[in-house]
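The values are calculated or read from the model by the stated rules, or taken from the named source; none is laboratory data. For clarity, every value in this text was computed on a predicted model and none was experimentally measured. Cβ placement follows ideal geometry from the backbone for every residue including glycine, while neighbour counts extend to all protein chains displayed.
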Amino acid sequence: MLVLGVAFVVGGLKHGTQRFSSERARAVSMLAVLAAATMAIPSLANEFHAPAAAHAEALSLICAGVLLTLFVLTLPTFLRSAPGEEHAPARWSTTLTAIVLAIAGASAALTSDWFVTALTPAIHTLHMSEEFAGLVIVAIAGNAVENVVGIQLAARNKMDFAVSVIVNSSLQIALALTPVIVFASLLFSTHLTLVFPTLLALVLLISGILGALIVNDGESTWQEGAVLVGFYVVIAASFWWGT
């Protein structure tokens, strides 16, 4: 919501109405809504005391399996270039790229752990909730590079790349990283589920639907960006208060 909104505002103020591949945008937004709905189901089942609430772990594993399957099935589609796309020649080999990504990923994990530890005193001092710290502060800092790149691409009027960088990042977390973590937790004493606080589940679902409505037409304006940023502010405010 935040980064896509800022990108639309920056690009819209500079270039007016911007256009991008509506076909790819529809595919991404459809998957985003489906992923959000799938991840929200265990939480809603728990909130409304449905019979499935007693089987939260099994339901979470089923949902995680569906998400991971969708990721595998749709990955080849997103790896293919859209019609008319031109790419500069690769400067690094595939092997070197994989090595750099592995080192960067490991370094990011260590830095994130240090960042969360250092943030703990501020959480207590400011009386903010851990949910706010995770959803807002850690999320923005953890995706800083992608956020900046997406906004820069929008400013250069390269909206296909901007939308791809911004939206696909969140989509990959929902379709791949989250289910992998759920399955990996089976190896430990604590088994993670997809049962979130109800407000978080609803926000996830509403955000997916709102994002789909805005990007489906393949056009963006600064007014649409302002709507996304405004909604993000409301979401962030709803998670601020801690104990």
Next on the checklist: Based on this model, can you work out whether Ser112 counts as surrounded by fewer than 14 Cβ atoms within 10 Å (Cβ to Cβ) and touching a residue at least 12 places away in the same chain (Cβ under 8 Å)?
Outcome noted: yes
Next on the checklist: Among the residues of the range 140-158, what is the count of those that are crowded, with 16+ Cβ neighbours inside 10 Å and either under 12 Å from the mean Cα position of the chain (by Cα) or within 23 Å of Phe71 (Cα to Cα) (or both)?
Outcome noted: 4
Next on the checklist: Tell me whether the range 174-188 contains one or more residues that are at pLDDT 90 or above, hydroxyl-bearing (Ser, Thr, Tyr) and touching a strand residue (DSSP E or B) at 6+ places or on another chain (Cβ under 7 Å).
Outcome noted: no
Checklist entry - Could you count how many residues in the range 2-44 are among the hydroxyl-bearing types (Ser, Thr, Tyr), closer than 18 Å to Phe196 by Cα and under 14 Å from the mean Cα position of the chain (by Cα)? => result 0
Checklist outcome for this item: Of those in the range 166-189 that are within 15 Å of Ala35 (Cα to Cα) and hydroxyl-bearing (Ser, Thr, Tyr), the residue surrounded by the most Cβ atoms within 10 Å (Cβ to Cβ) is Ser170
Checklist entry - Listed residues Ala56, Ala25, Ala32, Ala36; which is over 26 Å from Ala236 (Cα atoms), part of a helix (DSSP H, G or I) and in contact with a helix residue (DSSP H, G or I) (Cβ under 9 Å, 6 or more places away or on another chain)? => result Ala56
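Look at Ile137 and say whether it is crowded, with 16+ Cβ neighbours inside 10 Å and either outside any helix (DSSP H, G or I) or touching a residue at least 40 places away in the same chain (Cβ under 8 Å) (or both).
So Ile137 does not fit the description; no.
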Checklist entry - Which of the residues belonging to the range 190-237 are of a type in the set (S, T, N, Q), surrounded by 15 or more Cβ atoms within 10 Å (Cβ to Cβ) and either more than 17 Å from the chain's Cα centre (by Cα) or not in a helix (DSSP H, G or I) (or both)? => result Thr193, Ser220, Thr221
Checklist entry - Which one of these is among the hydrophobic types (A, V, I, L, M, F, W, C) and over 22 Å from Val136 (Cβ atoms): Leu192, Leu199, Leu204, Leu186? => result Leu186
Checklist outcome for this item: A careful count of residues in the range 11-40 that are under 14 Å from Val165 (Cβ atoms) and out of contact with any Gly (no Cβ under 6 Å at 6 or more places or on another chain) gives 4
